[in-house]
Amino acid sequence: MTLGVLAVLAMAFVMFAGFWTDWLWYRSVHYSSVFTTTLWTKVGLFFVFGLLMAVSVGVNIWLAHRLRPPLSAMSMEQQSLDRYRMGIAPYKTWLLLGITSLVGLIAGASASGQWRTWLMWVNGVPFHQKDPQFHLDVSFYAFDLPWYRFLLGFGFAAAVLSLIAAALTHYLYGGLRITSPGARATGAATGHLSVLLGIFVALKAVAYWLDRYGLAVKSSDFKATGNWTGLRYVDANAYLPAKTILFCIAVICALLFFATLWRRTWQLPVIGFGLMVLSAILIGGLYPAIVQKFQVQPNEQAKEAPYVEKNLKATREAYGIDGTKVTDYPGTSNTKDKAALRDDANNAASLRLMDPNIVSPTFQQLQQVRNYYGFPSNLDVDRYTKDGKAQDTVIGLRELNLQGIPKNNWINDHFRYTHGYGVVAAKGTSADSEGRPVFTEYNLPSKGDLGTYQQQIYYGEKTTQYSIVGGPQKEIDYSDDSGEKTTSYKGKSGVSLSSPINRAAYAVAFGEPQILYSGAIGEGSRILYNRTPKERVEAVAPWLTIDGDAYPAVVDGKIQWIVDAYTTTNGYPYASRTTLGDTTADSLTAANNQRAVVAQQNQVNYIRNSVKATVDAYTGEVKLYQWDTKDPVLKTWMKAFPNTVESKDSISPSLMAHLRYPQDLFKVQRELLTRYHVKDAQTFLSGSEVWQVPDDPTNKSGPVPPYYLSMKLPGETTQSFSLTTTMTPNGRDNLSGFVSVNAEAGKPGYGKISILKLPTGRTVDGPKRVQSQFNSEPSIAESIRLLKGGDSDIEYGNLLTVPLDGGLLYVEPVYVRGGDLKYPLLRKVLVTYGGSTAFEDTLDKALNKVFGADGSTTPPSDGGTTKPPTSSNPTVQEALKDAQKAFDQGQEALKKGDWPAYGQAQKDLEDALKRAEDAQATADKTSGGTSSDGSKSSDKSSGSG
C-alpha cells in the first residue's frame with residue numbers, strides 16, 4: 001500500500017512538474033495569457049465533449065437496461081446469459097461509471113486537440129471575399145467548416161458508440177434475440193435502436209449537405225494544376241446535384257427510422273436505408289464517373305476552362321502572387337557601345353562574391369578566436385549603412401559551441417560556459433588580397449563599423465541546452481591577451497530557482513537531480529532554456545508557422561534575432577494546395593539535412609507573412625509585430641490572444657531597416673509561379689507554359705536556392721535589396737524566366753514580384769548550361785585543374801544572375817580550399833555575358849575581359865586586389881614590402897602551377913604579415929595607441945583580417 005501511494009504521488013509530481021515549469025516559463029517571457037488561454041480552452045473542450053460522450057453512452061446503457069423485458073418473457077437463449085447478468089449485478093453501477101468514464105476521457109482528449117479549430121471558429125473575422133460557387137465568405141471555409149466537421153465527426157462517434165452499447169445491453173438483458181424463434185427484438189428495443197439509427201442517418205444527411213460546400217475545398221489530382229482544390233466540371237454538374245439528392249434521401253430515411261417508435265417494424269427503415277446505399281453507389285459514384293468519361297474527357301479543355309479560371313484567380317490571391325508583373329525580356333543585348341555596357345555592369349547590381357553558404361568555415365578559422373565559439377554553417381545576408389551608403393553584408397554571430405569546451409562536465413556545460421560573444425561581419429562584394437573576407441566587424445570583443453552594442457549572446461540558433469546563470473558561480477565572458485574575463489548575467493530572463501519547489505520541478509522536468517541539491521545554485525540563480533529564436537517564437541505564438549531562417553541584426557545597441565512568421569489555412573476555396581516542407585526544400589536544406597520549414601508537412605492553400613518577430617540575444621525578450629494589417633487569419637488569432645501582437649507602427653525605423661522579404665515564402669510563391677504565372681485558362685490547361693525551379697548546378701542535391709542581392713530591374717534607376725531566382729521550362733535547361741521580389745521592407749514596392757519572361761522561340765542559357773560552359777571552356781578547365789593541384793579542392797559559390805541591357809550577366813565566385821588551409825578562400829571569378837566567358841582573379845578584370853572594355857570606375861578591393869596597408873613605421877614598412885613580394889611570388893607560382901613554390905610563398909606572406917602586425921602593436925603601445933602618422937591604430941585591419 002505504501003509503495004502504491006508513493007508511486008501515485010511520484011506520477012502526480014511528474015505531471016505537476018511539467019505543468020508548473022511551463023507556467024513559470026510563459027510567465028518569465030510575459031506571455032502567460034497564451035498559456036492560460038490555451039490551457040483553459042483545452043480544459044473546457046475536454047470536459048464539455050468528454051461529458052457529452054459519457055452522458056450519451058451512459059444514458060443509452062441505462063435506457064436499454066430500463067427497457068429490458070421481464071425475466072419470465074426471456075427465451076432459453078437469453079436465460080443462458082443469466083450467469084453473466086448475475087456476475088455483473090453487484091458491480092453494474094461501477095461498471096457503468098467505468099465505461100462512461102473511459103469513453104469520456106478518450107473523447108475529451110481528442111476534443112482538446114481541437115483547440116485551434118474552436119478558437120478560430122469562435123473568433124473568426126470575415127475575409128470580405130466570396131467563393132464563386134456558393135457565394136459564401138471565405139471565412140466560412142477557413143473558420144466555420146472545420147468546426148462543423150469536427151462536431152459532425154463527434155456526433156457520428158457518439159451515435160455509433162451509443163448504438164453498440166445499447167445493442168449489447170439489450171442483448172444481455174433479453175431485448176435482442178439472435179437464435180431464438182419468433183421476434184428478434186422487443187418493441188422497446190426496436191424503438192430504442194431505431195432512434196439511434198435514425199440519429200446516425202440524420203447525421204449522414206448533414207454530412208451530405210456539408211459535403212456540398214466541401215467540394216469548394218476538396219483536393220484532387222489534376223494534371224494541369226497538381227493538387228487541385230475546388231470544383232471541376234464533374235463536381236459542379238454531377239457531384240453537387242448528387243449530394244443534394246442524397247441529402248433528401250437521407251432525411252427521408254432518418255424519418256422512417258424515427259417512425260418505428262409508432263410502427264414497431266423495421267421494414268420501411270430497412271428499405272429506406274437500402275435505397276440510400278444504392279443511391280450513394282449510383283448517384284454519388286457511377287453517375288459522376290459517366291459524366292467524366294463521356295462528357296468531360298472528349299472535350300476536357302472546353303469543359304474545364306471556366307473552373308480553371310476560378311482556380312487561377314483564387315490560387316494567385318491566396319498565395320499573394322496576384323500582383324505579379326510579367327514583362328517580356330529579349331535575353332540578348334543589342335548595345336554596340338561596349339564601354340557603356342561595361343559601366344552599366346558596375347551599376348546593375350552589387351555583385352556579392354562572399355557566398356554566405358560557403359564562407360562560414362573562413363569565419364570560423366579567422367574569427368572563432370576560442371574553440372568554444374562557433375558560427376552557423378550558413379551565414380546571413382543583411383544591409384548596413386556606412387557613409388550614407390547601404391552595402392550588402394555577410395553576418396554571423398560568434399555563438400557558444402559546447403563541443404569546443406576544454407572539459408565537459410555539468411558545471412562547465414551549464415554554469416561556466418553559458419553564452420557566445422560578438423558579431424562578425426564582412427563586406428559581401430569584396431575580398432582581401434588573400435581571398436579572405438573584408439571584415440567590417442571583427443575580433444574579440446568585436447569592434448568595427450557596428451558601433452557599441454550588447455555583445456553577449458545568451459539566445460541563438462546553436463544554443464540548444466539550458467544554462468543556470470546569475471548565482472554564486474561566475475560565467476566565462478570572453479578571453480583576451482590578459483586572460484579570461486568573467487561575468488554574471490544581469491538580465492531578467494529565465495526562471496528563478498530560489499524556490500525549492502521550482503528547483504524540484506526543474507530537476508524532474510530536465511531529469512537532472514543535481515538541480516535540486518547543487519551548491520552552485522543559490523540566491524539569484526536563474527535557469528535559461530528554450531533558447532533558440534525559433535523555439536521561443538513558436539512557444540509564445542503556437543498558431544504561427546515559423547520561417548526556417550532566423551537572422552541576426554544589430555539594432556539600437558542590441559543584437560536582435562529577426563524571425564519571419566506566417567499565418568496559414570487549408571480552407572481557401574478553389575486555391576490549389578502545397579506542402580510547405582517540400583516547397584521550401586532546396587540544395588542548402590538538403591545539404592544541411594533539414595527542411596527550411598521543419599515538420600511542416602501539412603498542406604496549406606493560403607499563406608501570409610503576417611508577423612515579424614524579434615528575439616533579444618541577451619534578454620531573450622520576444623516581440624511580435626503585426627506586419628500584414630489586412631490578413632483576416634491574423635486578426636482572428638489576435639482576437640483569440642489579445643495584447644500579444646504589437647501594431648506595425650511599433651516597429652522602429654532602425655529595426656525596419658533590417659527587415660526583409662522571407663525566403664521560405666518566396667520559395668512557396670516561386671513553386672506556384674511555375675504554373676500560375678499564366679492567366680489564360682487555355683494556355684494553363686495545355687501545359688505549354690509550365691516551368692520548373694532548376695537544380696542547383698553547383699550543389700546537385702536539390703533546387704537552386706533564391707539569393708538576396710542588391711540590384712535594379714530594367715527601367716529602374718536605383719538598386720533595391722531583392723530576392724531572386726531563375727526558372728527553366730519543364731524538363732529543359734534553357735532559361736524561361738527570371739523572378740525577383742523587392743525585399744527591402746519599409747520602402748515603396750516591397751513585396752512586389754516581377755518576372756522577366758524570356759522568349760520561347762530563342763534559346764537562352766539557364767544556370768545548368770552556364771555552369772557546363774564554365775566547366776567545358778578549355779582555358780578555364782586548365783586553370784581549374786591547376787587550382788586543384790595537390791590536395792586542394794574547388795568550391796563554386798552562388799551563381800548570381802543579373803539582368804543587364806536585355807541580356808543576362810552570370811557571376812560565380814570560385815573558392816579554393818587546399819594545402820594546410822581548412823577554409824575556402826576566394827581565388828577566381830567566373831563571368832559570362834552574351835556568349836563571352838571570363839575566368840579571372842578579380843571581378844573587375846573578368847568584367848573587363850567579357851565586355852572588351854575597361855570600366856570608367858573600378859570598384860575598390862573587388863575580388864582580391866587590395867594591397868597590404870601602408871604605415872609610416874619603418875619596421876612595419878619593411879615587413880609589408882616583404883609581404884607584397886611574397887604575394888607577387890605566390891601569384892607567379894600559381895600561374896605556373898608550381899605548388900611547392902606557391903606553398904612557400906604563402907608561408908613567407910604569413911610570416912611577413914605577422915611581423916608587420918607585431919611591429920605596429922609595439923609602436924602603438926609606445927605612442928599611447930596612436931600610430932606615428934597621428935591616426936588611431938586598430939588591432940587588425942579589415943584587409944589583413
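Given the DSSP H assignment, sum -39500 (n - 2.57) over each helix run of at least 4 residues in the chain and divide by its residue total; what's the result at 222 nm in deg cm²/dmol, nearest 500?
-13000 deg cm²/dmol
Check the straight Cα-Cα distances from LYS490 and name the lysines below 24 Å, setting aside those fewer than 8 residues away within the same chain.
Leaving aside lysines fewer than 8 places away in the same chain, those within reach of LYS490 are LYS447, LYS462, LYS474, LYS534, LYS558, LYS623.
Using only the Cα atoms of the stretch 230-328, build the gyration tensor, take square roots of its eigenvalues as a ≥ b ≥ c, and label the shape rounded, prolate or oblate: rounded if a/c is under 1.5, else prolate if a/b is larger than b/c, else oblate.
Details: a/c = 6.62, a/b = 2.46, b/c = 2.69.
Note, shape of the stretch 230-328 comes out oblate.
Angle check, please: helix 899-926 long axis (alpha carbons) against the longest principal axis of the chain (alpha carbons), in degrees 0 to 90, nearest 10.
Its long axis makes an angle of about 80 degrees.
What is the set of long-range amide H partners of GLY571 at a cut-off below 5 Å, with H atoms built 1.01 Å from backbone N?
Amide H to amide H, under 5 Å and 5 or more residues apart or across chains, GLY571 pairs with ASN605.
Rounded to whole Hz and in sequence order, give me ³J(HN,Hα) for the stretch 774-781 from the Karplus expression 6.51 cos²θ - 1.76 cosθ + 1.60, θ = phi - 60°, writing x for Gly and Pro.
Rounded to whole hertz, the list is 4, 6, 8, 5, x, 5, 5, 4.
So how much slack lies between LYS849 and ASN408, counting 0.36 nm per residue of separation and subtracting their Cα-Cα distance, in nm?
Computed gain between LYS849 and ASN408 is 153.3 nm.
Towards the positive end of the charge dipole of the stretch 349-457, with charges on Cβ (+1 Lys, Arg; -1 Asp, Glu), say which of VAL438, LEU450, SER377 has the farthest Cα.
LEU450
Which whole-number percentage describes the relative contact order of the chain, with Cα contacts under 8 Å and a sequence gap of 6 or more?
12 percent.
Which far-off residues, 5 or more places away or on another chain, put their amide H under 5 Å from the one on SER333, with H placed in the peptide plane?
Here the answer is GLY807, since their amide H atoms fall under 5 Å of that of SER333.
Stretch ASP791-ASN334 to full length: gain in nm at 0.36 nm per residue minus the Cα-Cα span?
160.1 nm
Magnitude of the Cβ-charge dipole of the stretch 198-318, K/R +1 and D/E -1, about the Cα centre, nearest 20 debye? Could the numbers behind the result be given before it?
Working: 13 positive and 7 negative charges, 48 e Å.
It works out to roughly 240 debye.
Lys and Arg at +1, Asp and Glu at -1: add these up for the other residues within a Cβ distance under 15 Å of ALA505 and post the number.
Here the count lands on +1.
Give me PHE140, PHE738 ranked fewest to most by other Cβ atoms within 10 Å of their Cβ, as a rough exposure proxy.
If I rank by nearby Cβ atoms, fewest first, I get PHE140, PHE738.
Starting at the first residue of the stretch 459-464, write each ³J(HN,Hα) from the Karplus equation 6.51 cos²θ - 1.76 cosθ + 1.60 with θ = phi - 60°, in whole Hz, x for Gly and Pro.
10, x, 5, 9, 8, 10
What share of all Cα pairs of the chain, in percent, falls into each consecutive 10 Å distance bin?
Spelled out per bin, shortest first, that is 2, 9, 16, 18, 17, 14, 10, 6, 4, 2, 1, 0, 0.
What ³J(HN,Hα) values, in whole Hz, does the Karplus curve 6.51 cos²θ - 1.76 cosθ + 1.60 give for the stretch 541-554 when θ = phi - 60°, with x put for Gly and Pro?
9, x, 8, 9, 9, 9, 4, x, 10, 7, 9, x, 8, 8
Amide H neighbours of ILE753 under 5 Å, at least 5 residues apart or on other chains, H built in the peptide plane: list them.
LYS325
Farthest toward the dipole's positive end in the chain, which of GLN889, GLY174, GLY388, given Cβ charges of +1 (Lys, Arg) and -1 (Asp, Glu) about the Cα centre?
GLY174
Taking a label point 7 Å from the Cα of GLN465 along the Cα→Cβ vector, which residues of the stretch 417-449 have an amide N closer than 13 Å to it?
417-419
Sorted from largest down, what three extents in whole angstroms do the Cα atoms of the stretch 349-457 have along their principal axes?
Cα extents, longest axis first: 50, 27, 20 Å.
Using only Cα atoms, tell me the angle between helix 2-28 and the longest principal axis of the chain; keep it within 0 to 90° and round to the nearest 10.
50 degrees
By counting other Cβ atoms within 10 Å of each Cβ, how are MET53, MET15 ranked from fewest to most?
Details: MET53 25, MET15 11.
Taking fewest neighbouring Cβ atoms as first place, the list is MET15, MET53.
So what's the net charge close to GLY483: Lys and Arg +1, Asp and Glu -1, counting the other residues with Cβ under 14 Å from its Cβ?
-1
So for the pair GLN295, ASP582, with labels modelled 7 Å out along Cα→Cβ, what separation do we get in nm?
3.1 nm
Distance from the Cα centre of the stretch 201-221 to that of the stretch 2-48, in angstrom?
38 Å
Neighbour counts of other C-beta atoms within 10 Å: give me CYS248, CYS253 arranged from fewest to most.
CYS248, CYS253
Among LEU275, GLY50, LEU9, which residue has its Cα furthest toward the positive end of the charge dipole of the chain, with +1 on Lys/Arg Cβ and -1 on Asp/Glu Cβ?
The Cα lying farthest towards the positive end belongs to LEU275.
Return the whole-Å distance between the Cα centroid of the stretch 271-324 and the Cα centroid of the stretch 676-742.
31 Å
Give the distance, in whole Å, between the Cα centre of the stretch 437-457 and the Cα centre of the stretch 361-416.
11 Å
Per-residue counts of other Cβ atoms within 10 Å, averaged by peptide: what ranking do you get for 382-388, 267-273, 430-436, highest first?
Numbers: 382-388: 14.0, 267-273: 16.4, 430-436: 23.4.
By packing density, highest mean first, the sequence is 430-436, 267-273, 382-388.
Coordinate-derived values only; no laboratory data. Here the structure is a predicted model, which means the values were calculated and not measured. In this analysis, Cβ positions are derived from the backbone assuming ideal geometry, glycine residues included, and neighbour counts consider all displayed protein chains.
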